[in-house]
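Quick notes on the structure that follows.
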Amino acid sequence: MIKKLGGEKPAFVLSTETTSYAFHVIDTGQLEHIHYGARITAESESDLLAMMEKHAFGQGNSINYSAEHPEFTLEDVALEMSGYGKGDIREPFVELTAADGSATTDFVYDHDEQKSGKEEFKTLPGSTGDAEQLVIYLKDKNNGYTIELHYYVFEKEDVITRSAKFINTSDNHVVLNRFMSTQVDFYEKGLTVSTFNGAWIKEMQMTDTVVAAGKFVNSSFTGSSSNRANPFIMISRPGTTETAGDCYGFNLIYSGNHYEAIEVNPYGKTRVVTGINPTQFAFTLAPGEEFEAPEAVMTFSVAGHEGMSHNMHTFVNDHIVRGEWSKKARPVLLNSWEANYFNISEKSLVSLAKKGKEVGVELFVMDDGWFGDRNDDKRALGDWSVNKKKLPHGVTGLARRIHDLGLKFGIWIEPEMVNVDSDLYRAHPDWSMDIPGRDHSEGRNQRVLDFANPAVVDYMIDAMKQVIASDVDYVKWDMNRIFSDIYSQHLDKSRQGEVAHRYILGFYRLAKVLTESFPQVLFEGCASGGNRFDLGMLCYFPQIWASDNTDATSRLTIQNGYSYGYPMSTVSAHVSNVPNHQTLRKTPIDARFAVAAFGVLGYECNLSDMKKSDLLAIQKQIEIYKRFRECMQYGTFYRRRIGNVTEWTVVSRDKKQAVGMIFQRENMANNPHEFYRPKGLDPAKKYHLFSRESEVDLKMFGDLVNAVAPFHVKQDGFVYNMIAKFTTIKGEVEDYTAYGDALMNGGVQLHQAFTSTGFDMEGSVRVMSDFDARMYFMEEV
């Protein structure tokens, strides 16, 4: 709902089901922010008067905006957008250089417009669906430039999105040095900013920072949204917890260099700006030209992190992810990478796929190494013709054999990159992003193709169409390095500040054409794992490979981090071999499954070499996952505990199914009692809660078996191994029927844990090692 209150200098109240966003036009023409938070009632402008900040005079050596209005110093006004030169010295919304070299801007209210619905952006992806729209038109008093501030209200989801457009309505060129997507000024300081930082194989590590003074910045200058700093952030008031307190979520529908700044001014106000990173950004606009800023997503909840997360999850599933796969059950896949790396052949791939079919896999993916002279990562990237020595019948021939097994077929591509040792680079050295005549700093032995050059994008559209047309059902789209030596030989030297953004526009054009040309194909994003996990990517790719780290213990933290801003339907997670290839950690196979199941499940292991007991375990895992797949992928996700014991629950939208998990990092001595307490169930429904049957490996007990054995057994000797092979020790089974309110409020007291004493062979004792997990399944009776 959007209300316009008042006349010549109106106020606006934008309301969702439980939140409101309010601002008004002050006497000087600027837009003053009034409120963003819990829903308020206002039928006239006077209803907002109590909430409006009162201004009588400027303070000390601050700048008075004008002689006519000495009461306003813009440094101490909560503004909807701002620029430099008229007294506001905080983080600006816009920075520019006019044709005369001046940089002062003075944008004031001109008029407004309300619309129903949401049009597509011309150059960028954006949210979809029904939304009420408010457009505020601002005019620069000195140069005549126009800024449009767009507000989109998604009432049911409790989400408001913002975007902005700069139009050069002057008679001269102008250079944009900064143009943000949103700006929100709060009338307080000491807010907690939660960011999700990291690096390769350790993405989304949550960090809380209280900003009481100065400036805090979360940003990326990698050419991508990055694993260093995800564009999703949370801002909360003191005392906010998982389930209570005021929590704001901010995100950006953009996949390039981003910037989130939180600044406290001397008067206790906190400014939040989000948008494209202004570092080395300079975009020239001729008269009549315009620039679109990415859409920013905002939500608020009084129910803490959990309430904010649920708003974001619903919004992403319903208004970001689109196409045939937006609500479709995602297939369980087997990826060839950790089984084969570059050493692939048609014979080995088909053999691996057969094993996958036997355990219930639905999609087989051929990873890197299938094209050109690609035997390592030093050559052939960019040469997208099949290697006939490895695949004598081509990609189509392999796809046919995979399809004949009853599986879907997927393929790996990396269309944004090139090796110097490739036919593509030798033919078009000017198509890579590097500075002519200077040494280039490479990453992963490759260079970035210049997608700021439309000819390069056109070439790659044709090349990728040929690849995907080879009976491909799934595409894993990778991007394995960040930017360096940023330069486009296509652009004039005066426009090199546009390269990073134009690259992203080229990438979006490629993604849009390919996904629209092959709507039945499931695309999965990847960038060395989570180096480009963002809402812009999700507009084209329904799921993203969350991390190259497949270790269950590491993934626990990584996936927990993603869960704050992204639904589990977008998070791809695999079970891999142990020792894990990234950490060398050994984790029980059911614990690996427990973590990977909370997302889009896949397997990345050499099934051809796997022992029968593990193959049987995987078969049972896939069976139970398929039974609860809709719940796991599209249900409502809850975090209860994070620490040595992590506890998750996901509940289907109709509340007929739920799945829970506890994961134990360290087995603490003499800690016999543990519980599982689900969330989100229907209190009035009766549920059957059960765990999966399991067996305890005798070898877990080491030479402790000699305490009960009738004769001494040498640990790991022949006799010991034979006893372990033929001895069955039942694992504990939880199996109860109870109402939802009893399960949520009372919880499930689990079987007593092994504590060095007291054990039997019949499953009355819970035996959990370090890095172990249990899953609990619930169905309405």
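The values are calculated or read from the model by the stated rules, or taken from the named source; none is laboratory data. Predicted model, so just to flag it, every value in this text is computed and none were measured. Backbone-built Cβ (ideal geometry, glycine too); neighbour counts: all protein chains shown. When the accessible area is computed, the model is the full protein with side chains, heavy atoms only, and any ligands, DNA or RNA have been set aside. Shrake-Rupley method; radii C 1.70, N 1.55, O 1.52, S 1.80 Å.
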Where the only charges are on Cβ atoms (+1 Lys, Arg; -1 Asp, Glu), what is the dipole of the chain about its Cα centre, to the nearest 20 debye? 2520
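Please calculate how many Å² of accessible area the chain carries per residue, with a 1.4 Å probe and no DNA, RNA or ligand atoms counted. Working shown, then result.
Values: 28960 Å² over 781 residues.
Spelled out: the 1.4 Å probe surface of the chain, per residue, equals 37 Å².
Leaving out ligands, DNA and RNA, and with a 1.4 Å probe, what % of the accessible surface on the stretch 253-347 is carbon or sulfur? Write out the running numbers ahead of the final one.
Numbers: 1330 of 2520 Å².
For the stretch 253-347, the apolar C and S fraction of the accessible surface comes to 53 percent.
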Two pseudo-spin positions, 7 Å from Cα along C-beta at Glu113 and at Ala427, lie apart in nanometres by 4.6
Applying 1/(1 + (r/R0)^6) with R0 = 35 Å to the Cβ-Cβ distance of Met1 and Ala742, what FRET efficiency is obtained, to the nearest 0.05? 0.35
For the stretch 597-629, listing trypsin sites (Lys or Arg not before Pro) in a DSSP loop whose Cβ sees at most 10 other Cβ atoms within 10 Å gives Lys611
The stretch 366-373 - phi-based ³J(HN,Hα) in whole Hz, Karplus 6.51/-1.76/1.60, Gly and Pro as x: 8, 8, 4, x, 9, 10, x, 9
What whole number of Å gives the distance from the Cα centroid of the stretch 474-492 to the Cα centroid of the stretch 55-123? 35
Between Asp27 and Gln619, what is the spin-label point distance in nm, taking each point 7 Å from the Cα along the Cα→C-beta axis? 8.2
How big is the gap, in Å, between the Cα center of the stretch 144-186 and the Cα center of the stretch 450-469? 31
If you take every residue apart from Lys679 with its C-beta less than 15 Å away from the C-beta of Lys679, what net charge results, scoring Lys and Arg +1 and Asp and Glu -1? +2
How would the stretch 224-350 be classified by its alpha-carbon gyration tensor: rounded, prolate or oblate, with rounded meaning a/c under 1.5 and the a/b versus b/c comparison settling the rest? oblate
What lysines does Lys9 reach when the alpha-carbon gap must be under 25 Å and sequence neighbours fewer than 8 apart in one chain are set aside? Lys54, Lys86, Lys115, Lys139, Lys141, Lys165, Lys269
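How much length is gained on full extension from Asp404 to Thr583, taking 0.36 nm per residue of separation minus their Cα-Cα distance? Write down the numbers at each step before the final one.
Values: separation 179, 0.36 × 179 = 64.44 nm, distance 3.67 nm.
Stretched out fully, the Asp404 to Thr583 stretch lengthens by 60.8 nm.
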Suppose R0 equals 30 Å; then what is the FRET efficiency for Asp735 and Lys327 from their Cβ-Cβ distance, rounded to the nearest 0.05? 0.40
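Add +1 for every Lys or Arg and -1 for every Asp or Glu among the other residues with Cβ under 10 Å from the Cβ of Phe186, and state the total.
On the way: positive: Lys189, Arg237, Lys269, Arg271; negative: Asp185, Glu188.
Taking every Cβ under 10 Å from that of Phe186, the sum is +2.
Tell me, in nm to one decimal, what length is gained between Lys122 and Asn445 on full extension, where the rule is 0.36 nm per residue of separation less the Cα-Cα distance?
Working: separation 323, 0.36 × 323 = 116.28 nm, distance 3.48 nm.
Here the answer is 112.8 nm.
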In the stretch 675-781 the accessible area split gives carbon plus sulfur, as whole percent at 1.4 Å, a share of 53
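Can you tell me, using C-alpha contacts under 8 Å and at least 6 residues apart, the relative contact order of the stretch 688-741 as a whole percent? Could the numbers behind the result be given before it?
Values: 50 pairs, mean separation 32.8, N = 54.
Relative contact order, the stretch 688-741: 61 percent.
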Explain nothing, just compute: Karplus ³J(HN,Hα) = 6.51 cos²θ - 1.76 cosθ + 1.60, θ = phi - 60°, for every residue of the stretch 141-151 in order, whole Hz, x for Gly and Pro. 5, 9, 10, x, 5, 10, 10, 9, 9, 9, 10
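Looking at the stretch 316-395, which GluC sites (Glu not before Pro) are DSSP coil and have at most 13 other C-beta atoms within 10 Å of their C-beta? Could the numbers behind the result be given before it?
On the way: sites: Glu324, Glu338, Glu346, Glu358, Glu362; in loops: Glu324, Glu362.
Within the stretch 316-395, the qualifying GluC sites (Glu not before Pro) (loop, at most 13 other Cβ atoms within 10 Å) are Glu324.
So, with a 1.4 angstrom probe, what is the percent of accessible area on the stretch 15-112 that is carbon and sulfur? Walk me through the intermediate numbers first.
Details: 2050 of 4040 Å².
C and S atoms contribute 51 percent here.
Can you give the relative contact order of the stretch 629-713 as a percent, counting alpha carbon pairs under 8 Å and 6+ residues apart?
Result for the stretch 629-713 is 20 percent.
Using helices alone, what [θ] at 222 nm do you get for the chain, with -39,500 (n - 2.57) per DSSP H run of 4 or more residues, divided over all residues and rounded to the nearest 500?
Only helices count here, giving -5500 deg cm²/dmol.
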For the stretch 82-95, take each phi angle, set θ = phi - 60°, evaluate the Karplus expression 6.51 cos²θ - 1.76 cosθ + 1.60, and give the result in whole Hz per residue in order, putting x for glycine and proline. 7, x, 8, x, 10, x, 7, 9, 7, 3, x, 7, 9, 10
Aspartates and glutamates with Cα under 20 Å of Lys730, excluding same-chain neighbours fewer than 8 positions away: Asp590, Asp614, Glu674, Glu693, Glu695, Asp697, Asp703, Asp760, Glu762, Asp770, Asp772
Mind checking which lysines have their C-alpha under 18 Å from Lys512, skipping anything on the same chain fewer than 8 residues away? Lys122, Lys465, Lys476
Amide H of Leu79 versus every other amide H placed in the peptide plane: which residues, excluding those fewer than 5 positions away on the same chain, fall under 5 Å? His33, Asp185
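Counting alpha carbon pairs within less than 8 Å and at least 6 residues apart, what relative contact order, in whole percent, applies to the chain? Intermediate values should be presented prior to the final figure.
Details: 1900 pairs, mean separation 72.8, N = 781.
Taking the mean separation of contacting Cα pairs over the length of the chain, I get 9 percent.
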Once both label points are put 7 Å beyond Cα along the C-beta direction, the Asp208-Tyr84 separation in nm becomes 3.5
